[in-house]
Structures are given as structure tokens and as C-alpha cells.
Amino acid sequence: MVRGSKCYKVLQARGNANFRCLISPGCKAATEAPAEGTILRRNAAPISDSGYCRSFNYAAFSSTKCSQPESCTRIPLNLMRALANRSIDVSSLGASSSVQRTPVCSGSTGLIGSGGGLQSVRHLQTLAVTPTGPKIIKADTEETIEVSVDGHSLQIPKGMTVLQACEVAGKEIPRFCYHSRLSIAGNCRMCLVEVEKTPKPVASCAMPALPGMKIKTDTPLVKKAREGVMEFLLLNHPLDCPICDQGGECDLQDQSMVFGSDRGRFTDTKRSVVDKNLGPLVKTVMTRCIHCTRCVRFASEIAGVPDLGVLGRGGSEEIGTYVENLMTSELSGNVIDICPVGALTSKPFAFTARSWELKSTESIDVSDALGSNIRIDSRGPEVMRIIPRLNEEVNEEWISDKTRFSYDGLKRQRLNEPMIRRPGGYLEPVTWRAALSAVAQAVHQVKPEEMAGVVGKLADAESIIALKDFLNKLGCENTWCEGIGANIDADVRSKYLLNTTIAGVENADVFLLIGTQVRKEAPLLNARIRKAVRNNRAKVATIGPPIDLTYDHEDLGDGTDALIQIAEGKHPFSTLLSKAQHPVVIVGAGVFERSDKDAVMAVVETIVDQAKVVRDDWNGFNVLLLEAAHAAALDLGFVPGVTAKLLSKDHLKFLYLLGADDIKPDDIPKDAFVVYQGHHGDRSAYRANVILPGAAFTEKEGTYESTEGRTQQTSPAVPSVGDARDDWKIIRALSEVVGVQLPYDSVSAVRARFLAVSPNLFRVDELEPPTVWPQSITPRSSSSKIESSPFIKAIDNFYMTNSICRASRTMAQCTSAFANLKQI
């Protein structure tokens with residue numbers, strides 16, 4: 001909290017100046033006046049092993065309503081909606097109340113609502129208000145009911161379950177099968193509570209809260225019932241804790257310690273279950289399974305691939321695939337996070353490390369353009385695993401399999417020292433001075449119009465702006481980013497961003513997907529569209545390569561004929577699109593590489609205009625970028641200049657490749673001098689005359705922009721390999737050797753350059769929505785003749801899309817395993 005702000009002065013007067021705001025940095029309470037409902041907590045409060053905060057004993061509530069409940073990253077959304085959106089009056093609690101940090105719900109991932117364990121080391125926590133006397137919490141809405149939880153009355157929104165009512169009251173309820181993002185199953189019976197006038201304890205996750213209901217969560221009957229349920233769960237559970245990869249993060253361990261008995265009465269032989277083969281990513285030890293069915297519900301509801309199911313009854317019940325089959329979803333690794341026991345664990349991570357041995361670093365993913373929030377767990381110089389981080393606006397609590405399992409490619413085929421290709425054709429390691437001098441000598445021997453610079457898929461914004469400034473100072477404007485074409489329009493941001501936003505896609509009711517394989521290009525966006533189909537009964541139509549999108553959709557063909565018919569109003573889908581309240585048109589990367597790209601975009605703009613996809617209250621026109629570097633490159637203007645010439649063998653003499661590996665060697669003149677700067681010895685390294693080793697995204701602090709325009713930063717989790725350096729530092733040193741020194745020497749100075757070129761890249765963790773210009777003044781795409789050729793696939797192999805994936809042994813195993821199933 002900023003010293004001198006009103007929030008700080010209020011707390012300083014109360015003797016609590018060492019509190020800080022829990023709301024996101026965008027909340028004005030942290031810098032100006034207290035926002036309504038600002039919730040504050042002590043800085044760096046130590047957390048005990050049981051999950052409770054040892055020192056937190058007071059909280060200040062400045063008013064009755066939170067200004068940004070949806071952007072809070074510390075408090076579960078269900079509780080925030082109850083405390084903020086429902087305007088619950090907590091100011092009456094006063095100083096007579098004690099506030100403590102109480103964990104709500106977590107799991108093996110440590111994410112809100114992701115599991116049942118309440119004392120795991122990775123648990124997020126929420127505020128639990130414990131009044132010293134019976135006080136009534138009121139709400140200013142008609143759609144509320146009054147219930148009593150352990151003698152304390154409170155108003156809760158109508159439709160809440162008993163478990164959610166207990167959460168609002170600050171009571172911890174154990175659970176295994178319940179998950180906030182999945183349907184209610186009521187399998188484990190661990191969430192039993194006592195309700196007055198009921199003959200026996202009820203499952204709180206499946207029982208709706210009714211007016212006047214009196215709930216008791218801590219009676220001897222409830223305690224005995226939970227101990228009995230835990231005893232049954234442990235009846236057939238093996239004693240594998242010393243060798244189980246879930247050890248230290250296991251919800252069953254945590255809850256058996258808190259809610260279980262100190263002894264068991266069953267001495268019969270434990271049953272055993274045959275392990276299932278789900279593929280090269282998920283390891284199964286089905287004897288440990290407690291039949292919570294979380295994996296079954298995730299596969300059928302979120303992933304849309306109903307590969308798992310429950311077989312048998314009673315003591316013969318088990319979870320499997322019925323017919324032996326692999327789990328074919330791009331999100332299959334998320335079952336590891338939601339499994340509350342060690343039945344489903346990571347196969348590549350098996351027997352490599354314990355959770356308490358790892359150092360955790362919060363970062364973002366760069367394998368696609370969504371910018372999923374991740375946590376990198378490392379030990380020494382090695383990345384041991386990658387797991388998701390909660391972000392409701394981006395990836396919720398899921399990540400794709402490519403994000404989760406490709407990390408082993410970070411330690412294979414790495415470039416760790418500068419090299420120069422000698423006349424004999426072999427690469428010789430040299431010093432940095434010798435390598436930079438060789439590049440400078442080649443630069444001085446060519447003309448500016450004979451140079452070109454290409455940015456790869458994983459480049460950060462700092463290196464992109466540095467390379468652009470370096471080439472521009474040499475007089476070269478032949479710059480572009482691979483994967484988005486050389487002639488893309490970068491003048492208007494709304495023409496190349498996902499304007500609806502990732503989370504906003506869930507509100508749509510009609511989708512038109514053009515030239516995109518959204519399941520392969522952005523699996524998490526595909527899951528959002530599936531959610532819209534399930535919740536809103538949205539209609540989906542595709543124009544492009546045929547693909548299984550995990551939900552019902554209408555295939556309108558793979559060419560441009562249907563696109564023209566919709567623009568002319570002759571296709572039945574054009575009527576459906578025009579009548580939609582929230583239509584969405586998504587143009588994929590399959591359009592960028594077409595020779596008639598401008599003509600296709602002109603037809604798309606006609607459809608957008610006629611169907612009123614873009615309005616004052618809704619922007620449904622979207623472009624789905626393919627790679628992490630694309631949005632930042634377009635914002636920074638890393639596109640061919642007005643005087644640039646197309647890449648040809650006739651005039652190209654010097655080519656600078658910044659992690660660009662998709663350029664075909666035949667397109668590069670044999671006499672051209674090629675500089676390759678990157679972190680892996682991939683395709684382009686075999687053609688390079690000089691190799692400059694750079695740092696991977698896990699080894700540097702870099703800025704990336706997602707396809708929706710959200711700026712985020714990576715954090716270094718492990719040291720760089722060998723003599724590798726940050727990419728922008730290499731370009732800065734090269735500019736000095738060449739004689740066109742760049743005017744920045746630190747990463748902060750490089751980012752200050754963003755303010756002059758693209759200020760949105762300077763505002764980290766913020767979404768900068770593009771300005772929607774009136775169609776009358778917006779430049780129109782060229783209406784040249786459109787071709788009838790089909791749209792091509794932007795991704796041939798989901799598991800082999802960048803240099804890190806191509807170096808990964810796990811991704812190679814996935815390619816081999818799923819090749820026969822045509823699921824890559």
C-alpha cells in the first residue's frame with residue numbers, strides 16, 4: 001500500500017499500517033482513496049503447516065461494496081460475489097470480531113475450487129469472519145434467503161448449496177468429489193453436515209440451502225460421520241505414501257489428518273485394480289482411486305472427450321476406458337491437478353522430485369498466443385515441472401498438455417556458446433567478441449536494402465524492439481514475424497487482436513470460425529467456446545479444414561465459396577448470424593499465409609458489417625494469433641516498411657533470424673550471410689554462418705502480449721545455459737560493435753522505449769482493449785479477386801510447433817502415440 005494514501009492513513013491511525021490491499025493492482029484503493037469494500041491483510045503473514053495464518057487478527061472494511069470483485073486474484077469468486085456483488089454489510093462486525101485466514105478449497109494444484117484438501121502447502125485462502133457474538137449479516141437484494149450456520153445467521157444468494165453457505169460463513173468443509181467448475185456428483189460423502197430436523201447428516205455439496213435452514217458443521221455427530229467416511233475411503237487405499245508422487249500435496253493425506261480417526265477397524269485384504277494406459281502423459285495407479293469421478297467429469301464436461309467412465313458396481317467399481325484407448329484430449333494433463341489422491345500423476349515427473357524440494361516461480365506460457373499463467377517448479381538449474389496458475393480472465397486453472405509437458409525440451413539441443421561456420425562447413429565455438437565482430441564485418445559489406453530481419457515465435461517484446469531499432473538505424477526496413485505473413489495490416493489493433501477477449505467468448509451465442517483449427521491452435525479458447533455451447537446453446541459453424549472441435553458444429557466447407565455466400569446473404573447461416581445477440585467471428589492463422597489474404601479479409605469485413613458483429617456494446621470480430629510473439633511484434637510495428645522489398649534470392653545478402661526456424665533453406669540464397677540468434681539448435685541453426693546463443697523464456701525476464709492484447713511478463717526460474725545471454729542484450733552489444741549503438745543499457749530502459757512505440761506493453765498485467773474506429777474511416781482491406789482454394793492447416797502437429805517442443809522427448813512420444821489416431 002502506498003504511504004500517504006488514504007487507506008494507509010486510516011490504518012496507520014488504527015495501528016495497522018503494515019496491511020496491504022488484496023484487490024488487484026488496478027484498484028484505486030492502493031494508490032488513491034479507499035475503494036468500497038477494500039479487504040486488507042498483513043504483509044508476509046507466516047502460514048502454519050495447518051494452513052492458518054499465525055498473525056492475522058484484524059481486517060478493515062472501508063465500505064459495503066468492492067469496486068473490482070472480478071479482478072481480485074486472492075479471494076474465490078463465489079465468496080467475492082457474496083461479499084461484494086451482493087453488497088453484504090460487514091461493517092457491523094466492528095472490532096469485536098476476529099478475522100482469520102481460513103483455507104477454502106484446493107487440490108494438488110493449489111487453486112481455488114480445484115480440490116478437497118484444506119491443509120496442502122499450495123492452498124489459496126480466503127477471509128473468514130468469525131463474530132464473537134451472534135450477528136446477522138444482511139444483503140441488499142431481494143433474491144436472498146436467511147440461513148443459520150453454527151448459530152450465526154446470514155443472508156446468502158438464492159440457489160446456493162449448503163457447502164457454499166458454509167464457505168460464506170467461513171467454515172471449512174472437507175470434500176473430495178466436489179469441484180466448483182464441475183457438475184455435482186456427491187460421491188465421496190466427506191462434506192457431511194448436520195441440518196436441524198433431518199434424521200441424518202446430509203451431503204452439503206448436493207443439498208440446496210433453504211430459507212430458515214439451521215446448519216451445524218462441528219457437532220459430535222458430524223465429526224463421527226466424517227471419521228466413518230474417511231475410514232471407508234482408506235479401506236482399500238494402499239499405504240503408498242512414501243513412494244507416491246502426490247506425497248506432500250495429497251488431499252487425502254491432509255484431510256485424514258484433520259478429519260479422520262486415529263485408528264481403523266478393517267483388517268481385510270485390500271483390493272487391487274489393474275492400471276490403465278492413458279498415454280505417455282498421465283500415469284495411473286488405479287488402486288489408489290477413491291472414485292470421486294473428477295477425472296470423468298472433467299473429460300466429458302471441460303475437455304469434451306468422454307474417454308473415461310465408471311465401470312462395475314460396489315466393490316468391483318473402477319474408472320477406466322472400457323475399451324483400452326488413450327486419452328486424446330489436448331487438456332488431458334489437467335486430470336493430474338484435479339485428482340485428490342495419487343491415482344493420476346504426471347508420467348514424465350514420476351519419481352524425480354518431491355514438492356518441498358522445488359523452488360516455485362510464477363511466469364506465463366509462450367507455447368501459444370493465449371499467455372496462460374503458469375508456475376515453474378525448479379531444482380537447481382533444471383526445470384522439474386510446470387503447473388497452472390489461477391487466472392479467471394485467461395486460462396482459469398487449466399493449461400494445455402504442450403504447456404505442461406514440453407519443459408524437458410529446455411535441457412536438450414541447447415545452444416550454449418557462440419559459433420562461427422568455417423570454410424569447411426563445420427561450426428567452431430568462439431568468444432563473444434569474435435562472433436560479434438564477424439557479424440559486424442558482414443553488415444558493413446552489404447547495402448541496407450540487401451538486409452532482412454525475421455522474428456521467431458518465442459521472441460519477447462524487448463528483443464523485438466531492440467532488433468527493429470538496430471535494423472532501422474542501419475537503414476533496413478525488411479522486417480517481419482514468421483507465421484503471420486509479410487503483408488499483414490498492423491495499423492489498426494482491432495484488426496489483429498481477439499477483441500471479444502478470452503473470457504468474453506463465453507457470452508457469445510453464434511460463432512463463425514474462418515480458417516482456424518481452434519482446438520489445435522488454442523485448446524483453452526476451444527474449451528471456452530465449448531462452455532458457451534453448453535451454457536448458452538451457442539451455434540458454431542466452421543469454414544476451413546475439417547476438425548473435431550469437441551462440440552456440435554456445422555461444417556460449411558473448407559473453401560471460400562460458403563464465405564462469399566454468407567457475405568451475399570444467400571447462405572442459411574447468414575440469417576442466424578444476423579439475428580444473434582452476441583455473434584462472434586474468429587479469423588484464424590490459416591488466412592495469413594494465403595496469397596489472397598486481403599480479399600478474404602474484405603469478405604469477412606462485409607460479413608461483420610452486415611451482421612452487425614461490431615456494435616457500441618459488443619465487439620465480436622476477432623483474429624486468433626498463433627504464437628506468443630505475434631501480438632507484440634504487430635504492436636511494435638515489426639512489419640515491412642514502405643520501402644521494403646519482398647524476400648527474394650536476387651537481392652538478399654544478410655539475414656538476421658531471431659529464433660525464426662520455419663524459413664525454408666531453399667528460400668535463402670546460398671551466398672547470403674545468415675545470423676541465427678536463439679536458444680535451440682533447431683532448423684535454422686544448420687544454415688547459419690554465425691550462431692548467437694540466447695536465453696529461453698524460463699531463464700529471462702521478458703514481456704509478452706497475448707492475442708487479446710494482455711501484457712504479461714515471464715520471470716527467470718533457472719540460470720541461463722553456458723554463455724547464453726538475454727536476446728536484447730546480444731543485440732545491444734552487436735549495435736555497439738557495428739557502430740550504431742542503441743540508446744539503452746538496462747531492461748527498464750528498453751521498456752521505457754515501449755512508451756514511445758506502444759504504451760500498452762509498458763502496463764503489465766493489464767488488458768488494453770483496442771479502439772474500435774467507425775467503419776467509415778477505417779481502412780478497408782483490398783477487394784482483389786478471391787481464390788476458391790481451400791484453407792490450409794496452420795498446425796500439422798500440435799505437439800511440434802516450436803523449437804522447445806521439437807527438442808522434447810515427451811512431445812516426440814506424444815507424436816508417436818497419437819499418430820495412428822490422427823489426433824496430432
**Prompt:** Which of the residues belonging to segment 607-629 are of a type in the set (Gly, Ala, Ser) and in contact with a Gly (Cβ under 8 Å, 6 or more places away or on another chain)?
**Reply:** Ala628, Ala629
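For every residue, the table says whether it meets (1) touching a Phe, Trp or Tyr at 6+ places or on another chain (Cβ under 7 Å); (2) crowded, with 16+ Cβ neighbours inside 10 Å.
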residue: Val296; (1), (2): no, yes
residue: Ala303; (1), (2): no, yes
residue: Leu308; (1), (2): no, yes
residue: Asn334; (1), (2): yes, yes
residue: Ile338; (1), (2): yes, yes
residue: Arg354; (1), (2): no, no
residue: Leu358; (1), (2): no, yes
residue: Arg385; (1), (2): yes, yes
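Yes/no per residue for (1) polar (S, T, N, Q); (2) under 18 Å from Ile374 (Cβ atoms); (3) loosely packed, with under 15 Cβ neighbours inside 10 Å:
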{"position": "Glu705", "(1), (2), (3)": "no, yes, no"}
{"position": "Lys729", "(1), (2), (3)": "no, no, no"}
{"position": "Val740", "(1), (2), (3)": "no, no, no"}
{"position": "Ala756", "(1), (2), (3)": "no, no, yes"}
{"position": "Asn760", "(1), (2), (3)": "yes, no, no"}
**Fill in**
Apart from one, (1) part of a strand (DSSP E or B); (2) under 29 Å from Gln441 (Cβ atoms); (3) touching an Asp or Glu at 6+ places or on another chain (Cβ under 9 Å) all hold for Lys700; the odd one out is (1)
**Request:** Identify the single condition in (1) more than 21 Å from Glu787 (Cβ to Cβ); (2) modelled with pLDDT under 90; (3) of a type outside the set (S, T, N, Q); (4) assigned by TED's automatic domain parsing to the domain that holds Asp662 that Leu646 does not satisfy, given that it satisfies every other one.
**Result:** (1)
**Item:** Unmet requirement for Ala434, which otherwise passes all of (1) crowded, with 16+ Cβ neighbours inside 10 Å; (2) in a helix (DSSP H, G or I); (3) among the hydrophobic types (A, V, I, L, M, F, W, C)
**Value:** (1)
**Request:** Kindly indicate which of Ile184, Ile173 is crowded, with 19+ Cβ neighbours inside 10 Å, touching a strand residue (DSSP E or B) at 6+ places or on another chain (Cβ under 8 Å) and more than 30 Å from Met384 (Cα to Cα).
**Result:** Ile173
**Message:** Any residue at all in segment 174-189 that's outside any loop (DSSP other than H, G, I, E, B), of a type in the set (A, V, I, L, M), farther than 21 Å from Val258 by Cβ and out of contact with any Asp or Glu (no Cβ under 6 Å at 6 or more places or on another chain)?
**Reply:** no
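Restricting to segment 449-472, name every residue that is outside any loop (DSSP other than H, G, I, E, B) and farther than 15 Å from Leu636 by Cβ. Outline the logic, then answer.
Filtering segment 449-472 for residues outside any loop (DSSP other than H, G, I, E, B) gives 449-455, 461-472.
Glu449, Glu450, Met451, Ala452, listed by residue number.
To keep it simple, each residue is scored yes or no on (1) of a type in the set (S, T, N, Q); (2) surrounded by fewer than 19 Cβ atoms within 10 Å (Cβ to Cβ).
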residue: Asn535; (1), (2): yes, yes
residue: Val540; (1), (2): no, no
residue: Gly544; (1), (2): no, no
residue: Asp561; (1), (2): no, yes
residue: Gln565; (1), (2): yes, yes
residue: Ser578; (1), (2): yes, yes
residue: His582; (1), (2): no, no
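If I ask for residues that are among the hydrophobic types (A, V, I, L, M, F, W, C), in contact with a Gly (Cβ under 7 Å, 6 or more places away or on another chain) and within 15 Å of Phe511 (Cβ to Cβ), which ones from segment 568-604 would you list? Walk me through it before giving the result.
Of the residues in segment 568-604, the ones among the hydrophobic types (A, V, I, L, M, F, W, C) are 573, 576-577, 580, 584-587, 589, 591-592, 599-604.
Cutting the leftovers down to in contact with a Gly (Cβ under 7 Å, 6 or more places away or on another chain) gives us 584-585, 587, 589, 591-592.
Once the filter is applied, which keeps residues that are among the hydrophobic types (A, V, I, L, M, F, W, C), in contact with a Gly (Cβ under 7 Å, 6 or more places away or on another chain) and within 15 Å of Phe511 (Cβ to Cβ), segment 568-604 yields Val584, Val585, Val587.
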**Message:** Looking for something touching a residue at least 24 places away in the same chain (Cβ under 8 Å), outside any loop (DSSP other than H, G, I, E, B) and under 25 Å from the mean Cα position of the chain (by Cα) - is there at least one such residue anywhere in segment 728-745?
**Reply:** no
**Filtered residues of segment 517-528 (kept if in contact with a helix residue (DSSP H, G or I) (Cβ under 6 Å, 6 or more places away or on another chain) and among the polar types (S, T, N, Q))** = Asn526
**Request:** Those residues that are of a type in the set (Val, Ile, Thr) and in contact with a Leu (Cβ under 6 Å, 6 or more places away or on another chain), I need them from segment 371-391; list them, please.
**Result:** Val383
**Item:** Residue check for Ser346: closer than 28 Å to Arg530 by Cα, in contact (Cβ under 8 Å) with a residue 12 or more places away in the chain and surrounded by 24 or more Cβ atoms within 10 Å (Cβ to Cβ)
**Value:** no
**Failed criterion for Ser494 (all others in (1) in a helix (DSSP H, G or I); (2) modelled with pLDDT of 95 or more; (3) over 23 Å from Lys402 (Cβ atoms) hold)** = (2)
**Request:** State whether the residues of segment 525-538 include one that is over 23 Å from the mean Cα position of the chain (by Cα) and part of a loop (DSSP other than H, G, I, E, B).
**Result:** yes
**Request:** Return the only residue of Gly681, Gly641, Gly637 being modelled with pLDDT under 95 and on the phi > 0 side of the Ramachandran plot.
**Result:** Gly637
**Message:** Need the failing condition index for Leu761 against (1) hydrophobic (A, V, I, L, M, F, W, C); (2) over 30 Å from Val674 (Cβ atoms); (3) under 24 Å from the mean Cα position of the chain (by Cα), just the number.
**Reply:** (2)
**Message:** Taking the criterion of being farther than 30 Å from Ala819 by Cα, part of a loop (DSSP other than H, G, I, E, B) and among the hydroxyl-bearing types (Ser, Thr, Tyr), would at least one residue in segment 240-262 satisfy it?
**Reply:** yes
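Quick grid of which residues meet (1) surrounded by fewer than 22 Cβ atoms within 10 Å (Cβ to Cβ); (2) under 15 Å from Arg404 (Cα atoms); (3) modelled with pLDDT of 70 or more:
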| position | (1), (2), (3) |
| --- | --- |
| Ile777 | yes, no, no |
| Arg780 | yes, no, no |
| Pro790 | yes, no, yes |
| Asn797 | yes, no, yes |
| Gln813 | yes, yes, yes |
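Each row is one residue, and each column tells you yes or no for (1) out of contact with any His (no Cβ under 9 Å at 6 or more places or on another chain); (2) under 28 Å from Tyr496 (Cα atoms); (3) buried (at least 22 other Cβ atoms within 10 Å of the Cβ).
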| residue | (1), (2), (3) |
| --- | --- |
| Val600 | yes, yes, yes |
| Asp616 | yes, yes, no |
| Leu625 | yes, yes, yes |
| Gly637 | yes, yes, no |
| Lys670 | yes, no, no |
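Test Ile386 against the criterion of being free of Cβ contacts under 8 Å to residues at least 24 places away in the same chain and under 26 Å from Val764 (Cα atoms), and give yes or no.
Yes; evaluated as a whole, the condition is true for this residue.
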**Prompt:** So which residues in segment 742-754 are in contact with an Asp or Glu (Cβ under 9 Å, 6 or more places away or on another chain) and either aliphatic (A, V, I, L, M) or surrounded by fewer than 13 Cβ atoms within 10 Å (Cβ to Cβ) (or both)?
**Reply:** Leu742, Pro743, Val747, Val750
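From Ile420, Ile464, Ile386, which residue is modelled with pLDDT of 95 or more and either farther than 20 Å from Leu692 by Cβ or polar (S, T, N, Q) (or both)?
Working: Ile420 fails: either farther than 20 Å from Leu692 by Cβ or polar (S, T, N, Q) (or both); Ile464 fails: either farther than 20 Å from Leu692 by Cβ or polar (S, T, N, Q) (or both).
Testing whether each residue is modelled with pLDDT of 95 or more and either farther than 20 Å from Leu692 by Cβ or polar (S, T, N, Q) (or both) leaves just Ile386.
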**Message:** Tell me whether segment 682-690 contains one or more residues that are assigned to a loop (DSSP other than H, G, I, E, B), buried (at least 24 other Cβ atoms within 10 Å of the Cβ) and not assigned by TED's automatic domain parsing to the domain that holds Glu393.
**Reply:** no
**Fill in**
Contact list, first residue from segment 688-706 and farther than 18 Å from Arg751 by Cβ, second anywhere and of a type in the set (S, T, N, Q) and part of a loop (DSSP other than H, G, I, E, B), beta-carbon distance below 6 Å, six or more apart or interchain, is Pro693/Asn416; Glu699/Ser720
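The values are calculated or read from the model by the stated rules, or taken from the named source; none is laboratory data. Since this is a predicted model, take the numbers as computed values, not measurements. In this analysis, Cβ positions are derived from the backbone assuming ideal geometry, glycine residues included, and neighbour counts consider all displayed protein chains.
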